[in-house]
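Chemist: Okay, handing you the structure first.
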Amino acid sequence: MGKTKNFQTVKGMKDILPDEQKYWKYIYGLVDNLAREYGFSRIDLPLVEDTSLYSRSVGTSSEIVEKEMYSFTDKGDSNISMRPEFTAGIVRSYIEHGMLDKPQPLKLYTTGPCFRYDRPQSGRYRQFHQINFEIIGEADPITDAQIIQIAFKINQLVGLDVVMQVNSIGCKDCRPDYEKVLKDYLKKHRSKLSEISKKRFIKNPLRILDSKEKEDQEVIDNAPQQVDHLCDGCKNHFIQVLEYLDEIEVPYALNPRIVRGLDYYSRTTFEITPASDEEQGRQSALGGGGRYDDLVELIGGRPDTPAVGFASGIERLILQIKSKDLKVPSDPEVDVFLAQLGIEARKKALVLFEELKDAGFNIREGFSKKGLKNQLELADKLNAKLSLILGQKEILDGTIMVRDMEGGIQEVIDYKKIIPELEKRLKKVETIVVNDKIKEEK
Ligand code: HAM
């Protein structure tokens, strides 16, 4: 017999263990709240799409489609890919379900896992989670500003100091001219470029601008910039986006390197970076997004359906929260631990548990445990404030024992008066938030 294999998570994928859940719950709650406040409706999509949806939208020359997709042929011979991002799927759904007949713009958001076969390292996983917001059906630069504002807000609300790195990569009219200027420039300096950038020069010269390779930096620093080659429409659009951002006091930095790794963008592009390491670029980006005015048409929808959106990586947000030691709400404290001794007490404890839970106590139990010592140790570990102990004698007397877990004082009380006695001991104060003022009610 061979040795039994010790199974582990697949490389680059992580379990989200119970101790971690408070971060996730906090972020999901915060995102749902923001979505409601800004009028976004939730959409949920399948984990897989036709592979060609991504090659058409994210683009065949992008690293994602070229190297990072989890693609397979299913039993019906269809080419399927695990979603590497949400935007393509959301636009597919928008077209498929005729959402352009709804009042525009349509504001949609989602959260969930995405998959990229990337080289795993801190903050980079093969299964990771995104928060994703899209506004489809509106070209006005105020929507770009609102998207950037929401992306900023998520970070601000968790207490992170971030800067929005913004750029405009022009449109299909003005970008080809710029690409020509850039190509001429890069051609002159080709010998100084890294091997990766030399390859990119043929397929997608714009991407050289966000190269992290050391030898490329000087060439990139001196490269002509798209913002100097925008057509009037794109220039005006960009100026207005920046004016709106000034108005709503979203901190931004103009960054000509933000060209993004996905092919569908036009005009505004942006990335979110921690304020302290603005220079670290895409790898440390907490999120990114931009306008994609041609994507709806490109994948078969109505021409002239402009859109803008962003996605943030939840794992990266949590890494930041932890490294800055920011507070997140933790689970409510345990009010009462219910201990029992003997078969009759166990039966009665099952019923009492229901009553106390329904009365609003945060209660835990030791149903499966036999000895009292065992159960009180567990109550201690759970940090319960009080324990209720129900034994044969108490059942006969119509009583129950209450133990104050901090002082260890025990008292026998009338079984019928459990709820008021617990309330008295816990001095249950319910706080109700009304108009941002905390009122205390007994
Ligand atoms: P993206 O820049 O490819 O954009 O990804 C957005 C964010 O997802 C990144 O900034 C990062 O926080 C997180 N992320 C990406 N890859 C990984 C990974 N391997 N491990 C951990 N986190 C990762 C998009 O996906 C676009 N769809 C955004 C968008 C929405 N544009 C318009 N609408």
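The values are calculated or read from the model by the stated rules, or taken from the named source; none is laboratory data. These figures come from a predicted structure and were not determined experimentally. All Cβ positions, glycine included, derive from the backbone under ideal geometry; neighbour counts span all protein chains shown. Heads up: the accessible areas ignore ligands, DNA and RNA and are worked out on the full protein's heavy atoms, side chains in. Shrake-Rupley method; radii C 1.70, N 1.55, O 1.52, S 1.80 Å.
Chemist: Identify, from the list D74, D101, the residue that is more than 9 Å from the ligand (Cβ to nearest atom) and modelled with pLDDT of 95 or more. Break it down into steps so the answer makes sense when it comes.
Modeler: Numbers: D101 fails: modelled with pLDDT of 95 or more.
Going through D74, D101 in turn, just one is more than 9 Å from the ligand (Cβ to nearest atom) and modelled with pLDDT of 95 or more: D74.
Chemist: As an exercise: evaluate G300 against (1) more than 12 Å from the ligand (Cβ to nearest atom); (2) open to solvent by 40 Å² or more (accessible area, probe 1.4 Å); (3) closer than 27 Å to L186 by Cβ; (4) in the same structural domain as Y23 (by TED's automatic domain parsing) and give the number of the one condition it does not meet.
Modeler: (3)
Chemist: Another question, if that's okay. Which of the residues spanning region 1-57 are open to solvent by 60 Å² or more (accessible area, probe 1.4 Å) and in a strand (DSSP E or B)?
Modeler: Once the filter is applied, which keeps residues that are open to solvent by 60 Å² or more (accessible area, probe 1.4 Å) and in a strand (DSSP E or B), region 1-57 yields S41, R42, D50.
Chemist: Now, a different point. Restricting attention to region 229-244, does a residue exist that is crowded, with 23+ Cβ neighbours inside 10 Å and among the charged types (D, E, K, R)?
Modeler: Looking through region 229-244, none of the residues is crowded, with 23+ Cβ neighbours inside 10 Å and among the charged types (D, E, K, R).
Chemist: Then there is this: Limited to region 346-390, what total is found for residues that are of a type in the set (V, I, T) and without any contact (Cβ under 8 Å) to a residue 24 or more places away in the chain? Spell out the reasoning first.
Modeler: Of the residues in region 346-390, the ones of a type in the set (V, I, T) are 351, 363, 389.
Filter once more, keeping what is without any contact (Cβ under 8 Å) to a residue 24 or more places away in the chain: 351.
The qualifying residues number 1.
Chemist: For the subset of region 314-347 comprising residues that are of a type outside the set (V, I, T) and in contact with a strand residue (DSSP E or B) (Cβ under 6 Å, 6 or more places away or on another chain), which member is surrounded by the fewest Cβ atoms within 10 Å (Cβ to Cβ)?
Modeler: First, the residues of region 314-347 that are of a type outside the set (V, I, T): 315-317, 319-320, 322-327, 329-333, 335, 337-342, 344-347.
With the extra rule that they be in contact with a strand residue (DSSP E or B) (Cβ under 6 Å, 6 or more places away or on another chain), the set shrinks to 315, 337-340, 345-346.
Numbers: E315: 19, F337: 25, L338: 25, A339: 26, Q340: 28, A345: 20, R346: 17.
So, considering only residues that are of a type outside the set (V, I, T) and in contact with a strand residue (DSSP E or B) (Cβ under 6 Å, 6 or more places away or on another chain), the one surrounded by the fewest Cβ atoms within 10 Å (Cβ to Cβ) is R346.
Chemist: Continuing with this model, one more query. Quick one: is E344 outside any loop (DSSP other than H, G, I, E, B) and more than 25 Å from F133 (Cβ to Cβ)?
Modeler: Working: outside any loop (DSSP other than H, G, I, E, B): yes; more than 25 Å from F133 (Cβ to Cβ): yes.
So E344 fits the description; yes.
Chemist: Something else about it: Pull up region 58-71, narrow it to residues that are open to solvent by 10 Å² or more (accessible area, probe 1.4 Å) and either modelled with pLDDT of 95 or more or not β-branched (V, I, T) (or both), then point me to the one that is farthest from the ligand (Cβ to nearest atom). Don't jump to the end; show me each part of the working.
Modeler: Filtering region 58-71 down to residues open to solvent by 10 Å² or more (accessible area, probe 1.4 Å) leaves 60-61, 63, 65-71.
Still in the running and either modelled with pLDDT of 95 or more or not β-branched (V, I, T) (or both): 61, 63, 66-71.
Values: S61: 15, E63: 9, E66: 14, K67: 12, E68: 8, M69: 12, Y70: 12, S71: 16 Å.
Per the stated criteria, the residue is S71.
Chemist: Also, quick follow-up: Does R92 count as at pLDDT 95 or above, within 14 Å of the ligand (Cβ to nearest atom), closer than 14 Å to S52 by Cβ and touching a Gly at 6+ places or on another chain (Cβ under 8 Å)? Break it down into steps so the answer makes sense when it comes.
Modeler: Details: at pLDDT 95 or above: yes; within 14 Å of the ligand (Cβ to nearest atom): yes; closer than 14 Å to S52 by Cβ: yes; touching a Gly at 6+ places or on another chain (Cβ under 8 Å): no.
The answer is no for R92.
Chemist: Just need a number here: residues in region 231-281 that are away from the ligand (no atom under 16 Å from the Cβ), touching a strand residue (DSSP E or B) at 6+ places or on another chain (Cβ under 9 Å) and of a type in the set (V, I, T).
Modeler: So the answer is 1.
Chemist: Here's a follow-up. Restricting to region 104-130, and then to whatever is within 9 Å of the ligand (Cβ to nearest atom) and hydrophobic (A, V, I, L, M, F, W, C), can you tell me which residue is nearest to the chain's Cα centre (by Cα)?
Modeler: F128
Chemist: Now for a different question. Counting just the residues of region 391-427 that are touching a residue at least 60 places away in the same chain (Cβ under 8 Å) and more than 20 Å from L341 (Cβ to Cβ), which one comes out surrounded by the fewest Cβ atoms within 10 Å (Cβ to Cβ)?
Modeler: Residues of region 391-427 that are touching a residue at least 60 places away in the same chain (Cβ under 8 Å), as a first pass: 405, 418-419, 422, 426.
After this cut, where a residue has to be more than 20 Å from L341 (Cβ to Cβ) as well, the list is 419, 426.
Values: I419: 13, L426: 15.
My answer is I419.
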